[in-house]
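To start, the structure under review is shown below, and the notes come after it.
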Amino acid sequence: MRMADRIRELLERELAPVELSVADDSARHAGHAGNPDGVGETHFAVRVVSPVFSGLGRVARHRKVNGLLAREFDHGLHALQLTLLAPGE
């Protein structure tokens, strides 16, 4: 299973989002730290709109998502660009 699919599946299960997008942005980072060979599946742009984020500040939201994806960081994920919103934001 591709990393993008694993990320999507995990975030859907844990955050019950009303909106979710996961885009592999690795090509834009080929040759950079974390993707020196340009292989891919290292950098992702993720947008989540979830009621789970209601009442949480920006840092708490980022910590929650980074914690959920800790296993992926252990298996090649290098960087995330996160947009994390509660419904209505």
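Full extension of the chain segment joining Ser54 with Leu68 gains 3.3 nm, where the gain is 0.36 nm per residue of separation less the Cα-Cα distance. If the chain linking Val18 and His78 were pulled fully straight, counting 0.36 nm for each residue of separation and taking away their Cα-Cα distance, it would gain 19.0 nm. Under a 5 Å amide H to amide H cut-off, with H placed in plane at 1.01 Å, what residues pair with Asp25 once short-range neighbours are removed? Amide H to amide H, under 5 Å and 5 or more residues apart or across chains, Asp25 pairs with His43, Phe44, Ala45.
Read-outs throughout are calculated quantities, based only on the coordinates presented, and are distinct from any laboratory measurement. Computed from a predicted structure; not experimentally measured.
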